[in-house]
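One structure is given here, and the rest of the page talks about it.
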Amino acid sequence: MKRCIEVADIRECCQAWRRRGLSIALVPTMGFFHDGHLALMRRAKTLADRVVVSLFVNPIQFGPKEDLASYPRDLERDSALAAAAGVDALFIPTVSAMYGDGFETKVVLGALGQGLCGASRPGHFDGVATVVTKLFHIVAPDVAVFGEKDFQQLAIIRRMVADLDFNLRIVSQPIVRESDGLAMSSRNTYLTTEERQAATCLYRALVLAKTMAQRDERPTAAAIERTVRDSIEENAGFTVEYATVVDRASLAPAAKIDENCLLALAVRVGGRVRLIDNAPLFG
Ligand code: PAF
């Protein structure tokens, strides 16, 4: 596996592959790999001749009070895992390589970036869209793979690719869960043992919401949201930031419960950790 730090090096590597007629899949990540990341890499391998994984903790998608400094990092472990997963090149740029002196141009999102996570993380999705745009330009992949856990991010990237005429395909990969249902996340490492045990309440709440939605007499979105919120907040230290039934395409709050609905969750644990999860209410 090739390891590239400089933009020029990964660009040259990808151009050489393209000259040989090889297709390229990109998996953008912030590292500290778990099985969810490895599933993205394995999926990417089925989609193209060569797989590039970018590993960059992108400072411009973190707010001033967020966990940029403490975000978990382990480059050597990540590198070994990526190589074992069959990744062809790992792109690990420095902050100055991505945002050099005088950097000031950003992708600014519309309504899709404002609600849900965007409401409590102003500017977050502009930062995501900006770095993803740069990665798309640098690597010029045929296809890019994103996880469904960050479903708002996924919807935003799809919108951006359509709106800005990027010439690539976006493929999504289902959420990978621990055996007790907790969605895998690099941020799970912030949880104490007790919080980790209690954190299964997010998954249980999603299952509860599904059961409610599929009853013969359909509940209102508000009833589902209230039940979910109460069931999570029974756990000491767990505060629901949002529990919202949305239309999975537009991300707008659902007017009625139907096959297009998805329940999206963001929960703060112990005031320090923020977990997100989601599940469709049907299927
Ligand atoms: O999902 C992530 O890990 C990040 O938001 C991404 C897409 C790599 C951009 O920094």
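The values are calculated or read from the model by the stated rules, or taken from the named source; none is laboratory data. Treat the numbers as computed from the prediction; the structure is a model and nothing was measured. Note that each Cβ is placed from the backbone with ideal geometry, even for glycine, and that neighbours are counted across all protein chains shown. When the accessible area is computed, the model is the full protein with side chains, heavy atoms only, and any ligands, DNA or RNA have been set aside. Shrake-Rupley method; radii C 1.70, N 1.55, O 1.52, S 1.80 Å.
A compact table of results
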read-out: Scan of the stretch 85-96 for residues that are surrounded by fewer than 17 Cβ atoms within 10 Å (Cβ to Cβ) and either under 16 Å from the mean Cα position of the chain (by Cα) or within 13 Å of the ligand (Cβ to nearest atom) (or both), ordered by number; value: VAL95
read-out: Any pair with Cβ under 6 angstrom, 6 or more apart, that starts in the stretch 120-138 at a residue that is among the polar types (S, T, N, Q) and near the ligand (Cβ under 10 Å from one of its atoms) and ends at one that is open to solvent by 10 Å² or more (accessible area, probe 1.4 Å) and assigned to a loop (DSSP other than H, G, I, E, B); value: THR130/LYS106; THR130/VAL107
read-out: Residues that are farther than 19 Å from CYS117 by Cβ, open to solvent by less than 20 Å² (accessible area, probe 1.4 Å) and among the aliphatic types (A, V, I, L, M), drawn from the stretch 131-150; value: LEU135, ILE138, VAL139, VAL143, ALA144, VAL145
read-out: Which numbered condition ILE170 fails, given (1) in a helix (DSSP H, G or I); (2) surrounded by 14 or more Cβ atoms within 10 Å (Cβ to Cβ); value: (1)
read-out: Cβ pairs under 9 Å, 6+ apart, first in the stretch 151-167 and closer than 16 Å to LEU116 by Cα and touching a residue at least 40 places away in the same chain (Cβ under 8 Å), second among the small types (Gly, Ala, Ser) and within 11 Å of the ligand (Cβ to nearest atom); value: ILE156/ALA129
read-out: Helices (runs of 4 or more DSSP H) completely within the stretch 193-283 that count 3 or more residues being open to solvent by less than 40 Å² (accessible area, probe 1.4 Å); value: 200-213, 221-233
read-out: Close pairs (9 angstrom Cβ cut-off, 6 or more residues apart or separate chains): modelled with pLDDT of 95 or more in the stretch 9-37, away from the ligand (no atom under 15 Å from the Cβ) and aromatic (Phe, Trp, Tyr) anywhere; value: SER23/TRP17; ILE24/TRP17
read-out: Contacts under 8 angstrom Cβ, first residue in the stretch 92-112 being touching a residue at least 24 places away in the same chain (Cβ under 8 Å), partner outside any helix (DSSP H, G or I) and among the aromatic types (Phe, Trp, Tyr), 6 or more apart; value: ILE92/PHE56; PRO93/PHE56; MET98/PHE56
read-out: Matching entry among GLN153, GLN173 (being touching a Cys at 6+ places or on another chain (Cβ under 9 Å) and within 22 Å of PHE91 (Cβ to Cβ)); value: GLN153
read-out: Which listed residue, of SER172, SER96, SER120, is among the hydroxyl-bearing types (Ser, Thr, Tyr) and touching a Gly at 6+ places or on another chain (Cβ under 8 Å); value: SER172
read-out: Meets criteria (within 16 Å of the ligand (Cβ to nearest atom), more than 15 Å from VAL132 (Cα to Cα) and open to solvent by less than 70 Å² (accessible area, probe 1.4 Å)) for TYR99; value: no
read-out: Some residue of the stretch 50-57 being modelled with pLDDT of 95 or more, away from the ligand (no atom under 13 Å from the Cβ), open to solvent by 20 Å² or more (accessible area, probe 1.4 Å) and closer than 25 Å to TYR190 by Cα; value: no
read-out: Residue within the stretch 40-49 that is among the β-branched types (Val, Ile, Thr) and within 12 Å of the ligand (Cβ to nearest atom) present; value: no
read-out: Identity of the residue in the stretch 139-151, outside any strand (DSSP E or B) and near the ligand (Cβ under 10 Å from one of its atoms), that ends up nearest to the chain's Cα centre (by Cα); value: ASP150
